[in-house]
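Nothing in this text is a laboratory measurement; each read-out follows from the coordinates by a stated rule. The structure displayed is predicted, hence computed values, not measured ones. Quick reminder, even Gly has a Cβ in these numbers, built from the backbone with ideal geometry, and neighbours come from all protein chains shown.
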Ligand SMILES: Cc1cc2nc3c(=O)[nH]c(=O)nc-3n(C[C@H](O)[C@H](O)[C@H](O)COP(=O)(O)O)c2cc1C
């Protein structure tokens, strides 16, 4: 049912590259066709946080090593963040939804203010103007007043603010458990059933 669903994923330079990797892998496992865009600092944080093999040019290898062959259920293309002529820059392109994970305060501001300085910001603006699902996963602490205001502005414009705030009621044992929780919340927000963390049973 999910096979071929076309979803955009923006990866920016906030801490939490593992959230991006887990989300991309989980969407591929679902059979999605992903359109990926990495900012320059998004690429840098992949290397800083996931190690020297975490190069965007070798993304498939990285995902298979970490998450297994299930990622081959889906496929992906990578667009340049400088290419404002890419498919994602137009509302006529049928990309149903977008997540920016992690979302830096800089990109959050650009989305909230509709600046469209990069493909990530433009694609997010397309989601808002077309009234499609846009999920922003901000990560910063503490948060400045501008960052708080930009989240309100983005939410008022129709975005879902899904902060990178893992929960602990599911008793995580590893960093991967924490990443699974956030990726699972993102998949739910995009309308997928997922088993990345157990649903609360009310007990
Ligand atoms: C190691 C490192 C960690 C960073 N962590 C964060 C962060 O958690 N949140 C944030 O908003 N910015 C963070 N930044 C700053 C952003 O990377 C910076 O503002 C950058 O210009 C964001 O650009 P982008 O949104 O185009 O990726 C970090 C930078 C570095 C080098």
**Message:** Being in contact with a strand residue (DSSP E or B) (Cβ under 6 Å, 6 or more places away or on another chain), within 11 Å of the ligand (Cβ to nearest atom), on the phi < 0 side of the Ramachandran plot and not in a helix (DSSP H, G or I): is that true of residue 37 here?
**Reply:** yes
**Hits in the stretch 114-161 (condition: out of contact with any strand residue (DSSP E or B) (no Cβ under 9 Å at 6 or more places or on another chain), more than 15 Å from the ligand (Cβ to nearest atom) and assigned to a loop (DSSP other than H, G, I, E, B))** = 114, 130, 131
**Message:** Out of 101, 111, I need the residue that is touching a helix residue (DSSP H, G or I) at 6+ places or on another chain (Cβ under 9 Å), in a strand (DSSP E or B) and on the phi < 0 side of the Ramachandran plot. Which one?
**Reply:** 101
**Request:** Name, by its number, the condition in (1) in a helix (DSSP H, G or I); (2) over 18 Å from residue 134 (Cα atoms) that does not hold for residue 23.
**Result:** (2)
**Of residues in the stretch 162-184 being outside any loop (DSSP other than H, G, I, E, B) and touching a strand residue (DSSP E or B) at 6+ places or on another chain (Cβ under 9 Å), the one nearest to residue 29 (Cα to Cα)** = 183
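Could you tell me whether any residue of the stretch 62-70 is within 16 Å of the ligand (Cβ to nearest atom), surrounded by 14 or more Cβ atoms within 10 Å (Cβ to Cβ) and either in contact (Cβ under 8 Å) with a residue 60 or more places away in the chain or over 26 Å from residue 93 (Cα atoms) (or both)?
no
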**Request:** Please find, among 202, 191, 158, the residue that is surrounded by fewer than 16 Cβ atoms within 10 Å (Cβ to Cβ) and touching a residue at least 40 places away in the same chain (Cβ under 8 Å).
**Result:** 191
**Request:** Tell me, yes or no, whether the stretch 3-15 has at least one residue that is part of a loop (DSSP other than H, G, I, E, B), farther than 16 Å from residue 99 by Cα, free of Cβ contacts under 8 Å to residues at least 24 places away in the same chain and more than 14 Å from the ligand (Cβ to nearest atom).
**Result:** no
